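*Asks:* Dropping a structure here in C-alpha cells format, bear with me for questions.
The values are calculated or read from the model by the stated rules, or taken from the named source; none is laboratory data. Because the structure is predicted, anything quoted here is derived from the model rather than measured. Here the Cβ is made from the backbone with ideal geometry for all residues, glycine too, and neighbour counts use every protein chain on show.
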Amino acid sequence: MFETLTERLQGAFKKFGSRGIVTEEDLDQALREVRMAMLEADVNFRVVREFTQRVREKALGAEVLRSLTPAQQVIDIVHQELVDMLGGEAPKLATASRPPTVIMLVGLQGSGKTTSAAKLANLLKKQRLRPLLAACDIYRPAAVDQLVTLARALDVPIHEEGTSVGPAVIAQNALEKAKRMGATHLIVDTAGRLHIDEDMMNEVAELRRLLQPEEVLFVADAMAGQDAVNAAKEFHERVGTTGLILTKMDGDARGGAALSIRAVTGVPVKFIGVGEKADALEPFYPDRLASRILGMGDLLTLIEKAKETMGEEDTEAFKEKLKKGTFDLQDFIEQLRKVRKMGPLGQLVSMLPGFNRIKMQLQVDEIDDRFFAQAEAIVLSMTPWERRHPEKIDGKRRKRIARGSGTDPAQVNQLLKQFFEARKIAKTLSTGKMPLFR
Ligand code: GDP
C-alpha cells in the first residue's frame, strides 16, 4: 500500500533538486503534483484540498522559500501536515477506572473483526495484561468457532455460548466472568452484517448500553476504499465510536481511503492490521506512517519488531550501528537471518529508508524470499574481512564472490550498491531532522 503514492510524492519534490532556491511557482507546481498524486491514491478530495492549501500557506507564511534549505523545509511541512491529517499524536486505548476495560469491536462482515479481536487480545497479553474474549458474532457462520480456535492458539481465555443465545445475554455473562476472573480487558466481537442495517445498529446500540464500554472500535477494511470510510462515518454518527482499526494495510490497494478516514470521520485510528497472523496488529503512529509515505522508511516500527524477536540488547546495538552508519555486511547477514523470523519480508523491507529507490533500481514489484536467498548467498561467499570492509571489495574479489554464490559480478555489484545506499540513507535520516529516533 502507498507505494505509488510514495513514488509520486518523491517525484514531486525531486524537481526541487538540490537547488538552493525554490520559487513560489516551483512550490505551486509541486503542490499540483502532490494534489494529483493524492487524488489518484483515492484520498478524499476535500481532505486533499485542505491539505495542499495548508501546506502552501505554511510554506509561504514561514518564508521558507527564502530560507537556506527551502526544499527540505517544504518536505518537512508536508510531513507535518500528513501527521496532522492522520491524527497527530498516537492515540492510546482508554482504560477503565475499575477493570475490566471493555472494548467492543464493531463493523461489517469480512472487515476483519474476529481476527482483530484475537490480535488485540494477543497484543494485550504480550503486555502482561489479562484479556478475556467474548464471542458475540452469532450470525456469521463459523465466527464463534473461528474465535475459539484463535483464542486457543493464543492461549487467551474466551467466553462463548454458541449461536443460539442472543448477543446481549452472552455479553452480559462475559462481563460477569471477566470480573470474576480478574480480567483486565474484555474484548467483545460483535455481529457484523454485509451492509449497514437497522438490526445491526440496534444490536450494537443495545450492547453499548449494556456494557458501557470504554472503547467502541470500528473495524474498517482498508482495501474497501471509500466504502469503508462511509461505513465508518455512518457507524460513528449512529452509535458513536471511539476509534478505528484499519485492517489489511498489507494489501495492495491505493490506500488513500485509509489516509483520509480520520479526517473524514473525526475518529482516530488506533490500530492497523498488517497481515493475517495473530501478531500482525500494530498501534497506529501517524508520524511513522507519514515518514513511510514520504519514502523515509519506518525504522521505529522495524526496531520494535526487532526487539520482540531479538531482545533488547541486540536491538540497541543494531540501532546504534544504523545511526552511525557503521553496520557492515556481517551485521547485514546476521540481521537477515533474524529478520526472517520477524514477518513477511516485503513488509519489513518496506520499512527501510530508501526502499522505494532500491525497488526502482531493481525494477521488481516484490522483494521476496528469492531476493534474500540470493543476497544471503552472496554475503556468505565473502570472507569475514570482506564483510567488514564492503567498500574494499574490488573487481577481482567480486568475481570470486560471484562464482562462489552462483551469481554474476553485476549482481554482487548491485547488492553492494544497495547496501551502501541503504546505509547512507539510514545515517542521513537518523542524524537529520526527521523524528526517527526518539
Ligand atoms: P469478520 O467477518 O469481520 O469477523 O472478518 P474476519 O476476521 O473473519 O476476517 C476476514 C478475512 O480478512 C480473513 O480471511 C482474515 O484472515 C482477513 N484479514 C483480517 N485482517 C487482516 C489483515 O490485516 N491483513 C490481511 N491480509 N488479512 C486480514
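*Asks:* State all residues of segment 397-432 that are of a type in the set (K, R) and modelled with pLDDT under 90; if no residue qualifies, say none. Walk me through how you get there before you give the answer.
*Replies:* We begin by selecting, within segment 397-432, every residue of a type in the set (K, R); these are 397-400, 403, 417, 423-424, 427.
Answer for segment 397-432, where residues must be of a type in the set (K, R) and modelled with pLDDT under 90: K417, R423, K424, K427.
*Asks:* Quick one: count up the residues across segment 120-149 that are surrounded by fewer than 21 Cβ atoms within 10 Å (Cβ to Cβ) and within 24 Å of the chain's Cα centre (by Cα).
*Replies:* 7
*Asks:* Now for a separate question. Among the residues of segment 171-199, which ones are closer than 26 Å to E276 by Cβ and within 16 Å of the ligand (Cβ to nearest atom)?
*Replies:* Hits for segment 171-199 are I187, V188, D189, T190, A191, G192, R193, L194, H195, I196.
*Asks:* Using the structure shown, decide if A94 is in contact (Cβ under 8 Å) with a residue 40 or more places away in the chain, under 20 Å from R208 (Cα atoms), within 16 Å of the ligand (Cβ to nearest atom) and small (G, A, S).
*Replies:* Values: in contact (Cβ under 8 Å) with a residue 40 or more places away in the chain: yes; under 20 Å from R208 (Cα atoms): yes; within 16 Å of the ligand (Cβ to nearest atom): no; small (G, A, S): yes.
So A94 does not fit the description; no.
*Asks:* Looking only at segment 269-295, filter to residues that are of a type in the set (A, V, I, L, M) and over 30 Å from A12 (Cα atoms); which one of those is nearest to the ligand (Cβ to nearest atom)? Even if it seems obvious, please write down each step before you answer.
*Replies:* Initial filter on segment 269-295 (of a type in the set (A, V, I, L, M)): 269, 272, 274, 278, 280-281, 289-290, 293-294.
Cutting the leftovers down to over 30 Å from A12 (Cα atoms) gives us 278, 280-281.
On the way: A278: 10, A280: 6, L281: 7 Å.
Within segment 269-295, the match that is nearest to the ligand (Cβ to nearest atom) is A280.
*Asks:* What about V219, is it in contact with a Lys or Arg (Cβ under 6 Å, 6 or more places away or on another chain), within 14 Å of the ligand (Cβ to nearest atom), over 30 Å from D76 (Cβ atoms) and part of a strand (DSSP E or B)?
*Replies:* Details: in contact with a Lys or Arg (Cβ under 6 Å, 6 or more places away or on another chain): yes; within 14 Å of the ligand (Cβ to nearest atom): yes; over 30 Å from D76 (Cβ atoms): yes; part of a strand (DSSP E or B): yes.
For V219, the condition - in contact with a Lys or Arg (Cβ under 6 Å, 6 or more places away or on another chain), within 14 Å of the ligand (Cβ to nearest atom), over 30 Å from D76 (Cβ atoms) and part of a strand (DSSP E or B) - is met.
*Asks:* While we're here: Being farther than 30 Å from T184 by Cβ and either acidic (D, E) or surrounded by fewer than 17 Cβ atoms within 10 Å (Cβ to Cβ) (or both) narrows it down to one of L31, L82, L60, so name that one. Break it down stepwise before answering.
*Replies:* Details: L31 fails: either acidic (D, E) or surrounded by fewer than 17 Cβ atoms within 10 Å (Cβ to Cβ) (or both); L82 fails: either acidic (D, E) or surrounded by fewer than 17 Cβ atoms within 10 Å (Cβ to Cβ) (or both).
The match here is L60.
*Asks:* Additional query: Within segment 80-87, identify whether any single residue is touching a Lys or Arg at 6+ places or on another chain (Cβ under 7 Å) and among the acidic types (D, E), and answer yes or no.
*Replies:* Checked against the condition, which is being touching a Lys or Arg at 6+ places or on another chain (Cβ under 7 Å) and among the acidic types (D, E), segment 80-87 yields at least one hit.
*Asks:* I've got another one for you. Which of the following residues is crowded, with 22+ Cβ neighbours inside 10 Å, in a helix (DSSP H, G or I) and either out of contact with any strand residue (DSSP E or B) (no Cβ under 8 Å at 6 or more places or on another chain) or of a type in the set (G, A, S) (or both): A153, A174? Full working, then the answer.
*Replies:* Working: A153 fails: crowded, with 22+ Cβ neighbours inside 10 Å.
None of the others qualify; the one that does is A174.
*Asks:* So which helices (runs of 4 or more DSSP H) stay within segment 239-357 end to end and still have 1 or more residues that are at pLDDT 70 or above and surrounded by fewer than 22 Cβ atoms within 10 Å (Cβ to Cβ)? Steps first, answer last, please.
*Replies:* Values: elements: 256-265, 286-293, 299-310, 312-324, 329-342, 345-349.
By residue number, 256-265, 286-293, 312-324, 329-342.
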